[in-house]
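What follows is a single structure, written as structure tokens, with notes after it.
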Amino acid sequence: MEEGEQRILAQSEELGRRLRARGMTLGTAESCTGGGLADVITDVSGSSDYFLGGIVAYANSVKERLLGVEQAVLAAHGAVSEPVAVAMAEGVRRALGVDLGIGITGVAGPGGGTLDKPVGLVYVALASPTGVELRRCQWVGDRITNKRRSVEAALELILAHLEHLCYN
């Protein structure tokens, strides 16, 4: 196992410990990572104690239908945007009935980028009972690297939230 994979597994294990200790549940809504976050979360034995599921919403129609992302938001801001990441996180939280919902949307590359939304631009949002936290990331790498870094950013966001948890 390479160093990056070991780091991600260690983050996933720590995430599991923190969620289990707080009796909290998690769900994922992923676009550009294609289920990669759900994959690394479920690499940990016993993850069914806290991980209820994930929705890979690659198409806008799936974002609308399963996550409740409004078509008007997609039209106004595009799929790769802060409002869509937030709507995905809130939508998966509602859809799965979880304590924490994470939404990831971005341009993994190598194509699909524009001047306004270049390859490597990713938004990660976390919806919780206290509100929403958002991170904007700009990666410089190939498709696989951009996806892996986005998964790591999501894990880091959830871990940071749980570290500073003031409720439950």
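Points to keep in mind about this one:
- 1 or more residues under 14 Å from the mean Cα position of the chain (by Cα) and under 27 Å from residue 43 (Cβ atoms): qualifying helices (runs of 4 or more DSSP H) within the range 67-168: 82-96, 143-163
- Some residue of the range 132-140 being closer than 16 Å to residue 31 by Cα, of a type outside the set (S, T, N, Q) and either out of contact with any helix residue (DSSP H, G or I) (no Cβ under 9 Å at 6 or more places or on another chain) or modelled with pLDDT under 95 (or both): no
- The range 111-168, subset closer than 18 Å to residue 9 by Cβ and of a type in the set (Val, Ile, Thr), residue surrounded by the fewest Cβ atoms within 10 Å (Cβ to Cβ): 144
- Residues of the range 46-66 that are part of a helix (DSSP H, G or I) and either within 15 Å of residue 34 (Cα to Cα) or without any contact (Cβ under 8 Å) to a residue 12 or more places away in the chain (or both): 48, 60, 61, 62, 63, 64, 65.
- Of all residues in the range 1-33 being part of a loop (DSSP other than H, G, I, E, B) and touching a Lys or Arg at 6+ places or on another chain (Cβ under 7 Å), the one that is farthest from residue 79 (Cα to Cα): 33
- Condition met for residue 73 (surrounded by fewer than 20 Cβ atoms within 10 Å (Cβ to Cβ), among the β-branched types (Val, Ile, Thr) and farther than 22 Å from residue 165 by Cβ): yes
- Condition check for residue 40: at pLDDT 95 or above, part of a helix (DSSP H, G or I), in contact with a Pro (Cβ under 7 Å, 6 or more places away or on another chain) and aliphatic (A, V, I, L, M): no
- Conditions (1) in contact with a His (Cβ under 8 Å, 6 or more places away or on another chain); (2) farther than 27 Å from residue 161 by Cα; (3) of a type in the set (Gly, Ala, Ser); number of the one not met by residue 112: (1)
The values are calculated or read from the model by the stated rules, or taken from the named source; none is laboratory data. Just so it is clear, the model here is predicted, and its values are computed rather than measured. Neighbour counts run over all protein chains shown; Cβ positions are idealised from the backbone, glycine included.
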